[in-house]
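The values are calculated or read from the model by the stated rules, or taken from the named source; none is laboratory data. Everything numeric in this text was worked out from a predicted model, so none of it was measured. Here the Cβ is made from the backbone with ideal geometry for all residues, glycine too, and neighbour counts use every protein chain on show.
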Amino acid sequence: MSWFYRNVVRPVLFSLDSEEIHNCTLKALGRASRHELLCDALASFYRASRDCGIELFGLKFPNPVGLAAGMDKHAAAVPVWEALGFGFVELGGVTWHPQAGNPAPRMFRAVADEALINRLGFNNPGAEAIAAKLTEWRSLGFWPKHPVGINLGKSKIAPLERAAEDYASSFRALWPHADFFVVNVSSPNTPNLRQLQDKAALDEILSALQEVNQESAARSVVSRQLSVAADHGPRTTDNKPILVKVAPDLSFEALDEIGELAGPRRIGGIVATNTTLTRPETSDPGLKQIYAEAGGLSGRPLRARSTEIIRHLYRQTKGALPLIGVGGIFNADDAWEKIAAGASLVQIYTGLVYEGPSVTKEIVTGLRQRLEASGFASLKEAVGQAGDE
C-alpha cells in the first residue's frame, strides 16, 4: 500500500499546492467520518493492532501512534482517524479568538529531504466553534474510542501579558470535550509566542489552566450526578492532563527549567518537539529556495534533534514525566528510536504526508515485532531502554 501511495498517488497530490491538497483531503475525510460504512471500510485496510497499547496519565491508548497537532485544526474528521489506525489524536492548534492565520502561500514541500515548512499561524475557527463541532460529533454517535487531545495556542491579537487569560478561556470552553490538552508555546509562526517558554511566563499560564481545571472538574462532578455520561466520552470528573509542547531549538538548560514546573504545576507530560527554525545544509538550488521560506520545518531533518531532546528530558526526569515524541517519524525504526530514547507515545504528521495512510498500521506492526524480538512483554518496558547508550 505504501509503495502504491508513494509511486502513484503522491506524485499526483504533490503536483498541487500543499495547503490546497491538505484542505481537500480533510474535506474528503470529514465526509467519510459521517458514514459508518465508509469508516468501517477504511478500518478494514488501515486499522492497527490493538495489542501494542499503553496506559498513560490515566488514559488507555490502544496503540502508541498518534496524529500530531496541525493536521486536523478544525476537528473536521474526528471519527476517521481511528479508522486510519491511530491510537490517539491531537486536534488544533486552537485559539480563543478565530483567526485566518498568515497570508498564503504558507506551506511548502522540500521533497528531496522529505520535509515540510509551514507558517500557517494557528488558522482555526476559535475555541467556541471547535467546542460546538465536537459536541456535534458526539451527538451523532461517532466519537472515537481512543483518547482525543486538543492543542491550545495563543490568539495573535492577545498581548503576551494577557496570554494566560487567553489560554484559560480556550481551555474552559473545550474542557468537557477532550481527554487531554497540550499547551503550545513553541510554534514559530505566531509573533513572540516562543517567549512564553520562559519559566516565569509558562508558570503563569499553567497556574491559570490548573485553576480552570479544578473548577471545571468540580462542576462536572455535580452535573454527572444529575445525568449519565455518554459512552466513550472523555473523563468528566477528574482534572484533565495538561502537557507542554516544546521547541527543538531550546537549549537543554531552558528545557530543564520547564521540567522544574512539572511538580508545582502538575504538568502531565511534554510533547517533544514542535517544528524547527533551523535548516539543513544543502547544495541543491531548489532546496535552498524552499529553505529560504519563513516558518517551521518538520520531517526527516528534525528526527535526530527531537530524539536528542527526548533522551535528555527522560534522563533529567528519570523517566517520571511522560514524553510524546514527534519529529521525523516515517517508519517503525524511527518510532522505536523515540521510544527507546524515552517517549511513551509518538505522533506523526509529515510522515503521513509522505508515506500515506497505511503508515500508521505499518509502524504499529513494526513496533510489535520489535517488542517481541527484544523480549519486552509490553511497550512500557521498552520506554527509555536506550537512555544510557
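Quick one: is Ala386 surrounded by fewer than 24 Cβ atoms within 10 Å (Cβ to Cβ), out of contact with any Leu (no Cβ under 9 Å at 6 or more places or on another chain) and either touching a residue at least 12 places away in the same chain (Cβ under 8 Å) or on the phi > 0 side of the Ramachandran plot (or both)? I'd like the intermediate steps shown before the answer.
Details: surrounded by fewer than 24 Cβ atoms within 10 Å (Cβ to Cβ): yes; out of contact with any Leu (no Cβ under 9 Å at 6 or more places or on another chain): yes; either touching a residue at least 12 places away in the same chain (Cβ under 8 Å) or on the phi > 0 side of the Ramachandran plot (or both): yes.
When the stated conditions are applied, Ala386 passes them.
Anything in segment 200-215 that is of a type outside the set (S, T, N, Q) and either surrounded by fewer than 19 Cβ atoms within 10 Å (Cβ to Cβ) or over 10 Å from Val183 (Cβ atoms) (or both)? List them, or say none. Let's see the steps before the verdict.
From segment 200-215, those of a type outside the set (S, T, N, Q) are 200-206, 208-209, 211-212, 215; that's our starting set.
Answer for segment 200-215, where residues must be of a type outside the set (S, T, N, Q) and either surrounded by fewer than 19 Cβ atoms within 10 Å (Cβ to Cβ) or over 10 Å from Val183 (Cβ atoms) (or both): Ala200, Ala201, Asp203, Glu204, Ala208, Glu211, Val212, Glu215.
Taking the residues in segment 378-389 that are assigned to a loop (DSSP other than H, G, I, E, B) and within 17 Å of Phe61 (Cα to Cα) as candidates, determine which candidate is nearest to the chain's Cα centre (by Cα). Write out each step before concluding.
We begin by selecting, within segment 378-389, every residue assigned to a loop (DSSP other than H, G, I, E, B); these are 378, 383-389.
Filter again for within 17 Å of Phe61 (Cα to Cα), leaving 378, 383.
Details: Ser378: 23, Val383: 19 Å.
The qualifying residue nearest to the chain's Cα centre (by Cα) is Val383.
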Worksheet entry | Single condition Arg266 does not satisfy, out of (1) closer than 26 Å to Ala320 by Cα; (2) crowded, with 17+ Cβ neighbours inside 10 Å | (2)
Discussion item. I'd like the full set of residues that are out of contact with any strand residue (DSSP E or B) (no Cβ under 9 Å at 6 or more places or on another chain) and farther than 23 Å from Ile267 by Cβ, limited to segment 290-316.
Written reply: Ala292, Arg303, Ala304
Discussion item. Which pairs turn up if I take residues in segment 168-192 that are on the phi > 0 side of the Ramachandran plot and surrounded by fewer than 24 Cβ atoms within 10 Å (Cβ to Cβ) and look for partners that are outside any loop (DSSP other than H, G, I, E, B) and of a type in the set (A, V, I, L, M) with beta carbon separation below 7 Å, at least 6 apart in sequence or on another chain?
Written reply: Asn192/Leu160
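Between Asp256, Asp238, Asp231, Asp249, which is modelled with pLDDT of 95 or more, among the acidic types (Asp, Glu) and either touching a Ser or Thr at 6+ places or on another chain (Cβ under 9 Å) or in a loop (DSSP other than H, G, I, E, B) (or both)?
Values: Asp256 fails: either touching a Ser or Thr at 6+ places or on another chain (Cβ under 9 Å) or in a loop (DSSP other than H, G, I, E, B) (or both); Asp238 fails: modelled with pLDDT of 95 or more; Asp231 fails: modelled with pLDDT of 95 or more.
When all the criteria are applied, what remains is Asp249.
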Discussion item. Return the residues of segment 245-281 that are touching a strand residue (DSSP E or B) at 6+ places or on another chain (Cβ under 6 Å) and of a type in the set (Lys, Arg); say none if nothing qualifies.
Written reply: Lys245
Practice prompt. Enumerate the pairs (first residue in segment 335-360 and in contact (Cβ under 8 Å) with a residue 60 or more places away in the chain; second residue anywhere and of a type outside the set (A, V, I, L, M, F, W, C) and surrounded by fewer than 21 Cβ atoms within 10 Å (Cβ to Cβ)) with beta-carbon separation below 6 Å, excluding pairs fewer than 6 apart on the same chain, so at least 6 apart or on different chains.
Written response: Tyr354/Glu114; Glu355/Ser2; Gly356/Ser2; Gly356/Tyr5; Ser358/Ser2
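Residues are listed down the side, and each one gets a yes or a no for (1) surrounded by 17 or more Cβ atoms within 10 Å (Cβ to Cβ); (2) of a type in the set (Lys, Arg); (3) over 17 Å from Gly70 (Cα atoms):
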{"residue": "Thr276", "(1), (2), (3)": "yes, no, no"}
{"residue": "Glu281", "(1), (2), (3)": "no, no, yes"}
{"residue": "Leu302", "(1), (2), (3)": "yes, no, no"}
{"residue": "Leu313", "(1), (2), (3)": "yes, no, yes"}
{"residue": "Leu321", "(1), (2), (3)": "yes, no, yes"}
{"residue": "Gly327", "(1), (2), (3)": "yes, no, no"}
{"residue": "Asp333", "(1), (2), (3)": "no, no, yes"}
{"residue": "Val359", "(1), (2), (3)": "yes, no, yes"}
{"residue": "Val364", "(1), (2), (3)": "yes, no, yes"}
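Give me a count of the residues in segment 366-376 that are surrounded by fewer than 21 Cβ atoms within 10 Å (Cβ to Cβ) and touching a residue at least 24 places away in the same chain (Cβ under 8 Å).
Looking only at segment 366-376, we keep the residues that are surrounded by fewer than 21 Cβ atoms within 10 Å (Cβ to Cβ), and these are 366, 368-376.
Narrowing the set further to residues that are touching a residue at least 24 places away in the same chain (Cβ under 8 Å) leaves 366, 368-371.
Of the residues in segment 366-376, 5 are surrounded by fewer than 21 Cβ atoms within 10 Å (Cβ to Cβ) and touching a residue at least 24 places away in the same chain (Cβ under 8 Å).
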